1. Please give the per residue accessible area of the chain, computed with a probe of 1.4 Å over protein heavy atoms only, in Å².
2. Quick one: which of 14-20, 38-44, 27-33, 50-56 comes out on top by average Cβ neighbours within 10 Å, and what's the full order, highest first?
3. From the phi of every residue in segment 25-37, what ³J(HN,Hα) in whole Hz does the Karplus formula 6.51 cos²θ - 1.76 cosθ + 1.60 yield, where θ is phi - 60° and glycine or proline is x?
4. For D9, list long-range residues whose amide hydrogen, built 1.01 Å from N in the peptide plane, is under 5 Å from its own amide hydrogen.
5. What residues have an amide H closer than 5 Å to that of A15, excluding those fewer than 5 places away on the same chain, when H is modeled at 1.01 Å from N in the peptide plane?
6. Relative to the compact globular guide of 2.2 N^0.38 Å, what is the alpha carbon radius of gyration of the chain, as a ratio?
7. From the backbone phi of segment 41-53, what are the Karplus-calculated ³J(HN,Hα) couplings (6.51 cos²θ - 1.76 cosθ + 1.60, θ = phi - 60°) in whole Hz, Gly and Pro given as x?
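The values are calculated or read from the model by the stated rules, or taken from the named source; none is laboratory data. Just so it is clear, the structure is predicted and the values come from calculations on it, not from any experiment. Ideal geometry is used to build each Cβ from the backbone, glycine not excepted, and the neighbour counts take in all protein chains shown. The protein model used for the area step is the full one, side chains on, heavy atoms only, and it has no ligands, DNA or RNA in it. Shrake-Rupley method; radii C 1.70, N 1.55, O 1.52, S 1.80 Å.
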Amino acid sequence: MEEVLKDGDFCIVTAGTHKGKSGTVRDLNVSKTGHLTITVVRENGVRFKTLGRNVRVQPKQIDTN
């Protein structure tokens, strides 16, 4: 079963240029070629774009420090 990404989900990038980074999913878009592209916003406000297939939805970890 394939995960469904929604605006506001917390995700971890598992492949591609931004592998290992995480953040909140924003701006879902289907390109002309049919691929899902998303903008990921990191906690520090930095944004980057990646393909939807390169991310995995994850429950957000709360920092207890």
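1. 76
2. Peptide ranking by packing, descending: 50-56, 38-44, 14-20, 27-33.
3. Working through the residues one at a time gives 6, 9, 6, 6, 8, 9, 6, 4, 8, x, 8, 7, 10 Hz.
4. Those qualifying (amide H under 5 Å, at least 5 residues apart or on another chain) are V25.
5. G20
6. After normalising by residue count via 2.2 N^0.38 Å, the value is 1.09.
7. 10, 7, 4, 7, x, 5, 10, 8, 9, 8, 7, x, 6
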